[in-house]
Amino acid sequence: MNEAAHIWMDGALVPWAEARVHVLTHALHYGTAVLEGTRAYETAQGPAVFRLDDHLTRLHHSARIIGLPLRYTTDELRAATLKTVAANGHPACYIRHLAHRGYGEMGIAARSAPTVVSIATWEWAPLLEQGVRLMTSSWRRNDQAVVPTAAKATGPYLNSVLAKSEALDAGYDEAVLLNAAGYVSECTGANLFVVRDGRLATPPPSAGALDGITQDTVERLAADLGVPVARRDLLRSDLYTADEVFLCGTAAGIVHVDSVDNRALNGRGPVTAKLSDAYDDVVHGRDPRYRHWLTPLG
Ligand code: PMP
C-alpha cells in the first residue's frame, strides 16, 4: 500500500497509522458504510480533482438511501478533500471517502452509533492492465429488491469481491455480472459498454449497475464525437457478438476487453480508442469544454 502522510477523520488530519477504528465498529459487522472513489489528476494548473461534486453528491445520496446520517455538507467535504490531497503532496492520487456507522451500539439498526467520515488518499497505479479477459460470473448481481443497488454501500460489495475472486481464480482478469433476470449488469468495480456498428450501449441502473460517473462522462464524450449511445438491457450474447467492449470507472479509466468467456474480441477498436483519448484529455484538463469538471487544489 502506498501510504500517504495523513488521513482526514471527522474534521482533523491525523497521521496515516493513527486512522483507526474499534473492532466493534458497526460497519465492520453489518456493512453499514457508504463510499466514494474519486481521482485527482495532474493538469497544467497542478493537481485537480475530477468531478468532485458529483462524487460528493452520490455519497450523500448513498447515505440517505441506507439511512446513515451524514452531518457534513458538500461544501465541507469538498474543502476537506482538497485539504487532504494538498497536505499529502500528491501530484495525482486516488481518493477514498468513507462514511461508516461507528462504535457505540451493536444492534442491527444501531441508530445511536455515530457516523464517522474519513478521507484517505494514495497514489495508485491502474488496477487493470490494458486489454482484459472477462468471464461471466456464476454470481448474480445484487438485486434492487434485496439491497438498494443505487447506493454505493460497502455491504453489497461482497457480491463484487466474490465475483472478482472467482474470475482471478479461474485465470481471468475481471468478471461481468448478470442480474437475476439474466441481463448484463456491470463488472465488479466498473460499468461496461458494448460497441456494435458504431453505436454504444450500456446497461441502465435498473439492471443493477451503479449510476457511474465515468459512464456518464463517456456518454457525454460520445455525444460530442457523434457516436450514438443508449442505455438499454444487454444480453450475455451481445457481449460475444460486439465489435468492441470496454469497462469504465474512476479507478479503471477506460479499459478495453480482449475476450469474454474466451470468445476473442477486436481489442482496442476505433470507438474505444477515440473515447479513451478524449477521456484522457478531459481528466488532464486539456479539453476547455470540460474544465469545470476539474477542481484545482488552490
Ligand atoms: N460499478 C461499480 C460496482 C463500481 O464499484 C464502480 C466504481 N465506483 C463503478 C461501477 C464505476 O463508477 P464510477 O465511474 O462512478 O467510478
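Please treat every number below as a calculation from the coordinates, not as lab data. Quantities reported herein were computed from a predicted structural model and do not represent experimental measurements. All Cβ positions, even for glycine, are placed from backbone atoms using ideal geometry, and neighbour counts span all protein chains on display.
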Problem set entry | trypsin sites (Lys or Arg not before Pro) lying in DSSP loop within the stretch 86-158, provided at most 14 other Cβ fall within 10 Å | Arg111
For this session: Let me see the pair-distance distribution of the stretch 46-124: every alpha carbon pair, 10 Å bin width, integer percents in order.
Result: 17, 46, 27, 10, 1
Exercise. Leu24: net charge of surrounding residues, Cβ under 12 Å, Lys/Arg +1, Asp/Glu -1, itself excluded?
Worked result: 0
Exercise. Taking the Cα centre of the stretch 1-79 as the origin and placing charges on Cβ (Lys, Arg +1; Asp, Glu -1), which of Thr43, Thr73, His60 is farthest toward the positive end of the dipole?
Worked result: His60
Problem set entry | Longest segment of the chain lacking GluC sites (Glu not before Pro) that sit in a DSSP loop with at most 14 other Cβ atoms within 10 Å | 130-298
Exercise. Rg to Rh for the chain: what is it, with Cα atoms only and Rh by Kirkwood?
Worked result: 0.97
Problem set entry | the chain: angle of helix 157-169 to the longest principal axis, Cα-based, in degrees nearest 10 | 50 degrees
Exercise. So what's Rg/Rh here for the stretch 96-176, counting alpha carbon atoms and using the Kirkwood radius for Rh?
Worked result: 1.06
Exercise. Can you give me the Cα centroid spacing of the stretch 277-298 and the stretch 155-209 in angstrom?
Worked result: 27 Å
Exercise. Debye sum, Cα scatterers, the stretch 1-50, no solvent: what log₁₀ I/I(0) at q = 0.14, 0.21, 0.32 1/Å?
Worked result: -0.57, -1.04, -1.10
For this session: Output the relative contact order of the chain, whole-number percent, from Cα pairs under 8 angstrom with separation of 6+ residues.
Result: 20 percent
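By counting other Cβ atoms within 10 Å of each Cβ, how are Thr57, Thr188, Thr295 ranked from fewest to most?
With the sparsest Cβ surroundings first, the list reads Thr57, Thr295, Thr188.
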Problem set entry | Contact order normalised by residue count of the stretch 20-161, Cα under 8 Å, 6+ apart, percent | 33 percent
For this session: Quick one: check the C-alpha center-to-center distance for the stretch 89-113 versus the stretch 1-72, whole angstrom.
Result: 7 Å
For this session: Quick one: net charge around Ala180, please, counting Lys, Arg +1 and Asp, Glu -1 for every other residue with C-beta under 15 Å from its C-beta.
Result: 0
For this session: Using every Cα-Cα pair within the stretch 1-89, state what percent have a distance larger than 14 Å.
Result: 72 percent
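In percent, how large is the relative contact order of the stretch 196-298, given Cα pairs closer than 8 Å and 6 or more residues apart?
23 percent
Note down the magnitude of the dipole of the stretch 170-287 about its Cα centre, charges +1 on Lys and Arg C-beta and -1 on Asp and Glu C-beta and zero elsewhere, to the nearest 20 debye.
220 debye
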Problem set entry | Cβ charges +1 (Lys, Arg) and -1 (Asp, Glu), total dipole of the stretch 32-82, debye | 160 debye
Seminar exercise, completed: Relative to the chain, whose Cα atoms define the longest principal axis, helix 52-66 and its Cα axis are tilted in degrees, nearest 10, by 80 degrees
